[in-house]
């Protein structure tokens with residue numbers, strides 16, 4: 001059962017509204033009381049913006065958005081780097097390059113970042129890009145740069161992102177962890193990614209590539225797309241400027257305007273998952289596969305109601321469902337912005353995804369991953385093979401070199 | 001973390017409840033004739049103009065709330081009332097004439113029986129049943145903006161600055177049964193009493209107190225049975241006392257929980273004494289959401305509580321379980337002078353490595369310094385080899401295993417036996433603040449409050 005309909009009964013029994021207590025509307029209370037199950041209830045209309053009705057023309061200026069915008073240039077300049085909240089609908093293709101660099105001083109790090117910033121300009125400026133690298137225009141190519149915990153610590157061990165990820169219970173099969181530099185490249189046109197990445201690596205002669213992964217996203221509007229299991233992903237994420245400020249962007253200090261990114265390369269056992277059958281698959285996610293509506297009821301645009309139960313007391317979103325395990329309310333965490341990409345390796349037939357999330361506090365991810373390792377049935381089908389975290393540098397305005405705000 | 005630092009929180013209380021027959025206030029009834037209330041249930045001397053009788057003066061209880069003045073009294077005659085009652089008038093007393101014959105019935109569709117959102121409200125001597133959400137609630141969490149304000153949006157707890165706790169309440173001689181989640185329910189409230197009441201057939205808990213600091217709420221002389229959980233405390237600290245109750249024949253007798261989903265974690269500093277907590281393996285009850293069964297007292301990251309002089313017996317999984325909640329740990333709980341018998345294990349620690357139990361202790365008498373109670377069985381056996389520092393744990397799979405029966409619909413639980421009805425004259429209650437004492441109740445017998453239980457004498 002859920003909370004029932006508060007309009008049944010009270011409204012009929014109580015047409016008059018007389019003498020409410022100061023500042024209290026009785027009708028408001030009654031309307032309110034039925035919708036949330038009292039304490040910490042779900043029913044989040046606020047954070048949801050339906051992807052199915054996304055109107056690109058309604059978006060805030062400066063943010064390319066919606067699949068209608070696919071291919072159009074994305075401004076690389078601004079308070080934040082591109083590739084985190086813009087374009088609003090992630091490009092269909094990604095290439096993640098994680099490299100090590102033997103830097104020994106912050107000066108060397110700043111030099112490298114400045115070179116990379118100029119390199120990004122030379123690749124993405126629609127009016128004057130390097131045609132020897134990209135013969136045609138760069139389209140919606142976006143390159144996001146992050147630096148790993150060791151380089152962050154060289155600059156200042158108190159900066160966000162200086163702390164490495166801890167070892168998780170699900171890390172037993174981890175082949176690669178960490179890395180000094182992240183180059184995350186995104187474009188609708190898959191053919192530009194490799195050339196652009198190679199050009200940027202040339203600008204960092206001492207770099208050695210640690211791991212590389214290509215990824216692809218199915219069609220979708222906003223951050224929502226189906227993952228390799230066939231379920232909608234990226235549904236509950238911060239979207240508005242206010243939500244992004246609260247949950248994603250670092251708010252103060254030299255890294256203000258930046259964010260912390262976690263990348264996890266996950267091998268997915270899609271065959272075993274498929275063998276569960278449709279009902280059991282839904283129970284693993286807590287949503288229905290066909291349209292994404294929660295098992296607690298409602299439409300695809302509704303949040304899961306984590307407190308809803310049947311009359312016999314059983315939870316409608318199962319105890320070990322992914323939607324329950326990953327929900328930030330249990331860990332008191334801010335909301336992560338997720339823009340993950342799937343992959344299928346033609347040589348090994350491995351299926352998987354690059355989990356990508358952004359948050360202003362690494363702990364938001366850490367607490368959630370611990371909880372998932374303990375209570376998420378989805379983890380039975382996931383093997384994490386690579387894992388790393390990066391400080392995504394603040395964006396650039398004017399002639400400022402990339403990373404310059406960290407000089408202090 | 002030493003117990004001595006929380007001295008103020010280990011006291012118990014007696015509530016100061018003034019009983020005042022209000023005679024000075026004039027009736028707000030539109031029709032002065034109704035104030036005469038011919039055929040009313042009381043003699044003239046006990047009647048006051050401030051009293052509104054249902055159904056004589058007002059057809060429904062909600063109509064009576066519209067009529068009553070602050071500080072007034074509503075007396076409800078025998079009958080079945082199909083309405084959800086909102087009490088938003090301060091210091092009002094709502095009294096049923098006969099506890100068993102005045103029934104607010106949700107018909108399986110209405111969300112709640114009574115919600116009190118004003119300070120100083122008393123609800124007494126009536127029955128609430130068959131609501132989808134809860135029987136009776138008191139809370140300071142309300143506003144005119146609808147659902148977003150009610151319990152937050154699912155991602156953040158409410159801001160106590162915006163919703164100060166409601167002050168002073170009294171739930172007395174209430175029977176709540178077969179409501180969807182909670183029977184008697186108080187959160188974001190302070191300075192109240194929940195006494196002499198009965199709760200059964202609830203899929204969350206019979207009695208629930210949550211989300212308050214310095215709550216000073218007294219929960220005493222109640223019976224809760226055939227619920228998923230008899231009594232639940234989530235993030236409610238400095239309760240005045242949970243004492244001399246009978247919490248038997250639930251799936252779990254009592255819980256003391258800290259969690260991030262609600263305001264005011266961690267839970268701390270309750271004194272729990274003189275309760276009978278037994279036979280909590282009742283199949284005729286709704287399922288506990290996390291599948292718990294056979295547990296007397298669950299301390300889920302509760303901290304700095306005292307469990308003193310309780311009888312904890314015949315709980316086939318464990319008498320007391322210490323566990324963690326995410327990275328919140330059970331810390332500084334003192335278990336003292338309890339009568340344990342025939343539990344699967346008397347005290348077990350299943351806290352996870354991320355939030356290990358620490359500084360908990362079991363002693364053989366409430367007044368002595370930490371000292372192992374030789375009579376209590378422990379898992380692991382060296383759980384209390386030291387009463388300070390991190391303490392060893394077992395894997396939950398190592399607990400005595402019990403088969404968990406399927407849940408029964410909350411609407412299908414058998415109704416409770418008739419409960420004692422109040423004999424004093426109806427009167428408006430003037431509620432004062434809670435006074436505290438250092439008294440600790442004696443260990444109750446196995447037949448404690450059996451006369452009010454459907455399960456009778458064991």
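Each value in this text was obtained by applying a stated rule to the coordinates, not by laboratory testing. What you are looking at is a predicted structure, and each value in this text was computed from that prediction instead of being measured. Backbone-built Cβ (ideal geometry, glycine too); neighbour counts: all protein chains shown.
Things worth noting here:
- Shielding by partners, peptide B:79-91 (average Cβ within 10 angstrom, other chains): 4
- In this label model, residue B:412 and residue B:424 are separated by 4.2 nm, measuring between points 7 Å along each Cα→Cβ vector.
- One Cα centroid belongs to segment B:322-336, the other to segment A:108-136; the line between them spans 55 Å.
- Cα centroid separation, segment A:394-408 to segment A:191-260 (Å): 19
- Note on B:132-142: average number of Cβ atoms from other chains within 10 Å of each residue's Cβ is 4.
- Remark: the residue A:397-residue A:209 segment gains 64.8 nm on full extension, using 0.36 nm per residue and subtracting the alpha carbon distance.
- Neighbouring partner chain Cβ atoms per residue of A:311-320, average, 10 Å criterion: 6
- Calculated over segment A:63-406, the projected area of the Cα convex hull averaged across directions stands at 17.2 nm².
- When peptides A:148-158, A:196-206, B:227-237 are ranked by their average number of other Cβ atoms within 10 Å per residue, the highest-first order is B:227-237, A:148-158, A:196-206.
- Segment A:63-406 - share of DSSP beta bridges that are antiparallel (%, nearest 5): 95
- Distance (nanometres) between label positions extended 7 Å along Cα→Cβ at residue B:382 and residue A:174: 3.0
- Computed from label points 7 Å out along Cα-Cβ, the spacing between residue A:136 and residue B:109 is 6.2 nm.
- Residue order, fewest to most beta carbons within 10 Å, for B:65, A:284, B:136: A:284, B:65, B:136
- Difference of contour (0.36 nm per residue) and Cα-Cα distance, residue A:242 to residue A:349: 34.4 nm
- Full extension of the chain between residue A:125 and residue A:150 yields a length gain of 5.9 nm, computed as 0.36 nm times the residue separation minus the alpha carbon distance.
- Nearest-0.05 FRET efficiency for residue B:457 and residue A:269, computed from C-beta distance (R0 41 Å): 0.15
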